[in-house]
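Every number in this text was worked out from the coordinates using simple rules, so none of it is lab data. These numbers were taken from a predicted model, which means no experiment stands behind them. Every residue, glycine among them, receives a Cβ derived from its backbone with ideal geometry; neighbour counts consider all protein chains shown.
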Amino acid sequence: MRIVIVEDSPLLRDNLIRLFADHPELSVLGSAAGEDAAVALIAAQRPDTVLLDLSLSQGSGLGVLRRLRATPGLAPRVLVLSSRPADPWEALCLDAGADAFLDKAGDPSVLLAQLASWMPPLPLDELRRRRRLQQLQVLDTRAEPALDAIARLAARIAEAPVGVISLVDTHRQWFKARVGVEVQTTSRSVSFCAHALLGDGLFEVEDATLDPRFADNPLVRGDPGIRFYAGMPLVMPGGEVVGTLCVIDSRPRRLGATAREALAVLARSVTDELELRQRVGELEEEVARRHEAEARIMQLATRDALTGLPNRAALMDRLHQGVRAAQRSGNLLAVLFLDLDRFKWINDTLGHDLGDALLQEMALRLSRAVRECDTVARLGGDEFAIVLGDLWQVADAEAVAAKIVDVITRPLEVRGHALRVGGSVGVAVYPFQAHDEESLLRHADLAMYHAKESGGNRHQLFSEQMNARAVERMTVESELRAAIAAGQLELHYQPQLCLEDGRLAGMEALVRWRHPRLGLLAPGRFVPLAEDCGLIWELGLAVLELALAQLAAWDRAGLEVPRIAVNVSPAQLRPELVERIVEILDRHGVAARRLEIELTESALTADGPAANGLLQALRRMGASIAIDDFGVGYSSLTLLRRLPISALKIDRSFVAELATNRQDAAIVEAILRMAHSVGLRTVAEGVEHAEQQAALGELGCQEVQGYLCARPLEAKAASAWLAGQHAGGLVPSAAAA
C-alpha cells in the first residue's frame with residue numbers, strides 16, 4: 001500500500017513512519033504539513049491511501065479532503081487521524097468523503113487493522129506462488145509480441161477497452177502485456193487481480209461500485225474508473241497462480257459464455273508462453289554456463305594460473321605459428337629463455353606468498369618490456385620464455401635480451417620488502433640456430449644455462465658448441481649413475497690444523513670421480529649435475545660411506561684423526577638422513593662426535609622447521625655442523641643464532657688478500673668476533689702463504705686449511721702425511737681423541 005502522511009507534528013509523523021517501517025507492505029511516499037503542500041503531493045504521487053490530520057500548519061485537513069474529492073480522477077482512500085472528539089468531527093469528515101476516522105492517540109494496532117482491511121487477502125500458498133513467479137524471470141522484462149497479441153485478442157473477444165496480462169508480485173502488480181491502459185504497474189493493495197489469485201476459475205466483478213470490496217477502491221472512484229472486471233488466473237503446471245489475464249471496462253456488464261471460454265483458453269496460452277520462455281531462458285543460461293566453463297577450461301589449458309601469462313602449451317602453439325609465419329615472410333624469429341637467480345632463496349626465506357607476488361611483478365615487467373605482438377610465457381617455477389617475431393637481424397634479438405636482463409635486475413619492492421634478483425637469458429634465432437619450435441626452445445634453454453654458468457645477469461646466443469656440451473652432459477649423467485654403483489668415486493683429504501700449536505684438528509673429505517674416459521674429475525664437473533638429476537642423495541651417501549670407512553682404517557693403523565668433515569648438499573637434507581648416518585657410523589665403529597657435516601650458506605635457507613629439526617637431531621647425536629664458504633651467501637645472523645651450528649669456515653675469497661687488504665681484514669675480524677661471541681669454532685679456507693696464516697693468528701682464528709698446510713691428498717698419500725705428522729707429535733693420540 002502506497003501512503004502519503006499529512007501531519008504538521010514532526011513527532012507524530014516520525015512515529016508513523018517508524019511504525020510502518022516494520023511492515024514492508026506499507027510504503028510511505030512522502031509527507032506534508034500544510035494544505036497546499038498536501039494536495040500537490042497527493043496529486044503528484046497518486047497514493048492508495050492518505051493519512052490525514054485535521055489541524056495543519058497551513059489550511060486544514062477538511063480543506064485537503066474537500067479539494068481531493070473535488071479533483072476528477074484522484075480518489076485515494078482517506079483515513080482521518082485526529083485528536084478532536086469523534087462527535088461531531090467523525091460525521092463531518094465522513095460527509096466530506098473520508099473513508100475512516102480514528103483517534104490519533106489510540107492503539108496503533110487499530111490503525112494497522114484498518115489499513116489491512118483495505119488490502120486483498122493472501123493466497124494460502126503465497127510464498128510458493130512468489131517463488132514460482134521469480135523463477136519465470138519475467139518481471140520487468142521488455143514487451144513480447146506474442147503476449148501483447150494475446151492481451152489484444154482477449155480485449156477484442158470480451159469487447160472491452162482494456163486487456164492486461166497482470167503478474168502479481170509481493171507488493172505490486174506488473175503488466176507484462178497491456179492494451180488500453182498507460183500505466184504498467186499499480187500497488188497490490190488496489191489490485192483486482194490480487195483477489196483473482198484466490199481461485200482457479202474466472203473472477204468476475206460485474207459492477208465494482210456495488211461491490212463492498214471495491215466500491216472505495218481508488219481505481220474505481222478515480223481513474224481509470226473501473227466498473228467491470230473479469231480475470232482468468234494464470235495457473236502454472238505446478239498449481240501456482242502467478243497472475244491473471246484480465247479485461248476491464250468502465251461500464252458495468254457481464255461476460256457471455258463464449259468470452260469466458262475464450263479467456264480460459266487464452267490464459268492457458270499465456271502460461272504456456274511463460275513456461276516456454278522460462279525453459280528457453282534456462283537453456284540460454286545453460287549454454288552461457290557451458291561457454292563460460294569452456295572459456296575457463298581453455299584459460300586453464302593455455303594460461304598460467306599465477307601470472308595469467310600463456311603457459312608452455314600456448315607458447316609451443318604460438319612458436320609453431322611463428323615459425324610458419326617466418327617461413328612465409330623470410331623474417332627472423334627469436335626465442336628468449338629466462339631463468340631468475342635467487343628466486344628459490346627468496347621463496348624459502350620470505351615465504352611462498354611473497355615468491356608468488358614476485359613472479360607476478362616480474363611477469364608484468366617482462367610484458368611491458370616487449371611489443372604487444374610478442375609473447376611472454378611462464379614455463380613453470382622461475383622460468384619464462386619470450387617469442388619475438390618479424391626481426392630483421394640477430395642483433396635485434398640480442399638487444400631485446402640485453403633489455404630483459406636490465407629489466408629483471410632492477411630493484412623492486414614486493415609487500416614491503418626491497419628485493420633484487422638477477423637472471424640469465426638464452427637466445428635462439430630461427431632459422432640460424434634451429435628450424436622447428438622444439439629445437440628453438442631447447443637451444444635457448446642451453447644458451448641460458450651457459451649464461452648462468454658464465455656468472456649470470458647476462459644473455460647468451462646459442463652456438464653448436466653448447467649442443468655438444470649438452471650431449472656430453474647427458475652422457476656424463478648416465479655414466480655418473482654407473483660410477484656410483486661401480487665405485488669410481490674416490491676421496492681426497494685435506495688437513496685442518498690448529499693455529500695455536502699446529503696440531504691436526506681434522507680432515508676434510510673432498511670427492512673426486514675417476515672417470516674411465518675423462519680422467520680425474522673435480523666435484524664442480526659432476527656434483528651440480530647430480531643435484532639437477534636427482535643423484536645427489538646416492539652420491540652423498542657414497543661419500544659418507546667412503547669417508548667414515550677411511551677414518552676407521554686410520555684408527556686401525558694407529559693414525560688418529562680427531563674428526564672428518566663431509567660436505568652435504570641442501571638436497572640431502574631429508575628426514576631419513578640422520579638414520580642413514582647412524583647406520584654408517586655404526587657399521588664402521590666411528591663415534592658421531594668425530595663427524596662434521598659441512599653445509600653451504602644456501603642450505604641455511606632450506607624450508608623451515610624440518611631442516612632445523614634435522615640439524616638439531618644431528619647435533620643431539622654428537623655430530624658437529626659447519627657452515628662452508630661463509631660470507632659469500634645470503635644467510636642472516638638470525639639463522640646463525642637459531643640453527644645448531646658448531647663452526648664457521650671463512651671463504652677463501654676473504655683470505656686471499658688478507659695480509660694486504662684492509663677491507664678483507666676488517667670483514668674477517670668481524671666474522672671472527674661474531675663467531676666467538678656465540679661460541680662457534682672458526683676455520684679459514686684457502687691459506688696458501690705464511691703471511692695469511694700470521695694475520696689469521698693475530699685476528700684470533702682457531703683453525704686453518706689450505707695449500708700451506710697440505711694439498712688435498714689421495715687416501716694413500718694422506719696416510720703417509722698422517723704418519724709423518726704422528727712421528728713429529730702433531731697428531732693427537734687415540735686416547736686424546
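Structure notes:
- Stretch gain in nm, segment Glu490-Asp36, where the contour uses 0.36 nm per residue and the Cα spacing is subtracted: 152.4 nm
- Here the peptides 651-659, 66-74 are ranked by packing, the mean other Cβ count within 10 Å, and the order with the highest first is 651-659, 66-74.
- Between Leu198 and Gln278, the C-beta separation translates, for a Förster distance of 22 Å, into a calculated FRET efficiency of about 0.35.
- Calculated FRET value between Glu464 and Glu144, using beta carbons and R₀ = 51 Å, to 0.05: 0.10
- Each Cα pair of the chain feeds into the Kirkwood radius, which the Stokes-Einstein equation turns, at 4 °C and 1.567 mPa s, into a diffusion coefficient of 37 µm²/s.
- Positive minus negative residues near Val235 (Lys, Arg vs Asp, Glu; Cβ under 12 Å): -2
- The alpha carbons of segment 1-91 occupy a box of 32, 31, 22 Å along the principal axes, longest dimension given first.
- Using a cutoff of 8 angstrom between alpha carbon atoms and counting only pairs six or more residues apart, the relative contact order for the chain works out to 7 percent.
- Extension gain, Val407 back to Asp317 (0.36 nm per residue minus Cα-Cα distance, nm): 29.8 nm
- Extension gain (nm, one decimal) between Ala325 and Thr209, 0.36 nm per residue minus Cα-Cα: 33.4 nm
- Reciprocal mean inverse distance between Cα atoms of segment 312-462 - Kirkwood radius, Å: 15.4 Å
- Cα pair distances exceeding 13 angstrom across segment 322-367, given as percent: 67 percent
- Between Leu94 and Ala395, the simple spin-label model (points 7 angstrom out along Cα→Cβ) gives 10.7 nm.
- Residue order, fewest to most surrounding Cβ atoms within 10 angstrom, among Val280, Val376: Val280, Val376
- Within-10-Å neighbourhood charge of Arg318 [Cβ basis; K, R +1; D, E -1]: -3
- Per-q log10 I(q)/I(0), segment 217-325, q = 0.15, 0.18 Å⁻¹ (Debye; single scatterer per alpha-carbon; no solvent): -0.84, -0.99
- Listed by chain and number, the lysines whose C-alpha is less than 22 Å from the C-alpha of Lys403, apart from same-chain residues fewer than 8 away, are Lys452.
- Rg to Rh, two decimals, where segment 126-281 supplies the alpha carbon set and Rh follows Kirkwood: 0.93
- Put simply, when 574-585, 507-518 are sorted by average Cβ atoms within 10 angstrom per residue, most first, you get 507-518, 574-585.
- Estimated FRET transfer efficiency (Ser55, Ala113; beta-carbon r; R0 22 Å; 0.05): 0.35
- Ranked by the mean number of other Cβ atoms within 10 Å of their residues, highest first, the peptides 380-387, 611-618 come out as 380-387, 611-618.
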